[in-house]
Amino acid sequence: MKDWIGLVARLVTGGVWLVAGALKLPDPASSVRAVRAYDLLPEAVVPTVGHLLPAIEVAIGLLLVLGVLTRFASVVSALLFIAFIIGIASAWARGLQIDCGCFGGGGYDAEAESKYPWDIARDVGLLALSGWLVVRPRSKWALDRLLFRSTSDLSCDERNVHVEEHA
Amino acid sequence: MSKNTPERRAARAQRAAEALKAQQAAERKRNLMVGGAVGAVVLVIIGLLYFALNAKDDTGKNAKDEPTIAANGEIAGEIDGFGVVVGDPGAPDTVTIYEDLQCPACASLETQVGEQVAAAIAEGRIRVDYRMVSFLDRASTNDYSSRAMNALLVVLEEAGPDAFLKLHDDLYANQPGEGGAGFEDDELIDRAVQAGAVEADIRPGIEDKVYDQWIKNATDQMSKDGVNATPTIRINGEDADGQKLVELLQK
């Protein structure tokens, strides 16, 4: 059962990362402006972050959807969500009216005030799913199981035999 | 005879334990190698995507063509950084307006105050520093925002501020809706000619989108100026809004 929860967590979180990253690929200049609009990072690193974020988002999305290096990907995913929650909360607290730029776009948004709570709620939910995978990375249909298959424990450890049979 | 002496059993158990340990060590090594290899592939993917995005984003590159202003007509004009400043240099107030030709809120501002602004410029009461930008190309199917801005700049260069202002007001009065196709180049050229430009002068610049890079840099500069919204209005450098602009115009 817990393996199925892991699968859902992987597909939901990974799917969101893939879509969010892919939507930013066509317009890197807009991604840079979205980062700059938060007014949190020094200008020297803004373009790098604006170009790097979509790349990392796509990569983390791929890893999670395929179930490769699940624990590592979930740690990165959780850290990014924490950073985004801080960013959005800070923009809200400073009275900025910006689109979060989560799925491309970014910049001014007249209805920003009413969207911030939902953006944060969504990111908290995805953070929770990432956290689950950090604690318990094992899940159904994960490539990790093929890549890191156990050979030594099979014959010696009753519990593992049991688990493998049900895998 | 007795193969199962306690000593032999102990020795066998020890051998088995050693074999298991060796196997586990080998497995750990294998898993580390697989993990390392997969991690390396992931880093390469991230690196390739990053460099592709970096290469695609040509913001800040030197613009090959920079707009100038044809000195004819009645209204004075100059280019100041990325601003197109029109009106009498001796006018007491300067209004700065950041706007995108595809932005509906800019169109409604122009509908509201456009005529009064035109009158105030003509009477020498204000100068307007038009900070045109283009970040709404994604709102049309044919990059209307940046092509329209380019057309305006070409008209400014070839026909001067009078024609520029006429075309500017015309494009806002007839702004194409978001989500569809904006005016094609031919339509922009027709409207530019109606505003007072000569077709032969402006067609090449509009069709070749000569100020493409300058437009990208102007848009980037707006973001660096901390401006995230269009229209953003400043009066003599101070943040203002439509209401304050109306008050200034009625002064």
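Taking amide H positions as placed in the peptide plane 1.01 Å from N, state which residues far from residue B:126 in sequence (5 or more) or on other chains have amide H under 5 Å from it.
B:121
Run the reach check for residue B:61 against aspartates and glutamates, Cα to Cα strictly under 14 Å, same-chain hits fewer than 8 apart removed. What comes back?
B:212, B:220
Using a Gaussian network model of chain B whose springs link C-alpha atoms within less than 10 Å, name the residue from B:162, B:129, B:93 with the highest mean-square fluctuation.
It is B:93.
Arranged by the count of other C-beta atoms within 10 angstrom, fewest first, what order do B:51, A:84, B:164 take?
Taking fewest neighbouring Cβ atoms as first place, the list is B:51, A:84, B:164.
Could you tell me what % of all Cα pairs in the protein assembly as shown have separations over 41 Å?
Percent of Cα pairs beyond 41 Å in the protein assembly as shown: 36.
Expressed as a rounded percentage, what relative contact order does chain B have, with Cα pairs under 8 Å and six or more residues apart?
Here the relative contact order equals 24 percent.
Taking amide H positions as placed in the peptide plane 1.01 Å from N, state which residues far from residue B:232 in sequence (5 or more) or on other chains have amide H under 5 Å from it.
It is B:98, by chain and number.
For the cross-link pairs A:115/B:64; A:24/B:209; A:2/A:115; B:64/B:251, which exceed 30 Å when the distance is taken from alpha carbon to alpha carbon?
The pairs that break the limit, which is 30 Å between Cα atoms, are A:115/B:64; A:2/A:115; B:64/B:251.
Where in chain B is the longest stretch that carries no GluC sites (Glu not before Pro) classed as loop by DSSP and with at most 15 other Cβ atoms within 10 Å?
B:1-73
Arrange the following residues from fewest to most other Cβ atoms within 10 Å of their Cβ: B:82, B:135.
Lowest count first: B:82, B:135.
Specify the residue with the greatest mean-square fluctuation among B:150, B:54, B:142, computed from a Gaussian network of chain B linking alpha-carbon atoms under 10 Å apart.
Greatest mean-square fluctuation among the candidates belongs to B:54.
Within segment B:60-169, which trypsin sites (Lys or Arg not before Pro) sit in a loop by DSSP and count at most 11 neighbouring Cβ atoms inside 10 Å?
Hits after loop and neighbour filter: B:61, B:64.
Which percent of the Cα-Cα distances in segment B:77-250 go past 30 Å?
Counting every Cα pair in segment B:77-250, those more than 30 Å apart make up 10 percent.
I'm a student and want to see the number: the projected area of the Cα convex hull of chain A, averaged over all directions, in nm².
Mean projected area of the Cα convex hull: 10.7 nm².
From the phi angles alone, apply the Karplus equation (6.51, -1.76, 1.60; θ = phi - 60°) to segment B:89-105 and give each ³J(HN,Hα) in whole Hz, x where the residue is Gly or Pro.
Rounded to whole hertz, the list is x, x, 4, x, 10, 10, 9, 9, 10, 8, 8, 10, 5, 9, 8, x, 5.
Among B:68, A:70, which comes first, second and so on when ranked by fewest other beta-carbon atoms within 10 Å?
B:68, A:70
How many angstrom separate the Cα center of segment B:208-233 from the Cα center of segment A:5-45?
Using only Cα atoms, the two centres lie 22 Å from each other.
Where a number appears in this text, it was derived from the coordinates with a stated rule and is not lab data. This is a predicted model, so every value here is computed, not measured. Using ideal geometry, Cβ is built from the backbone for each residue, glycine included, and neighbour counts are taken over all protein chains shown.
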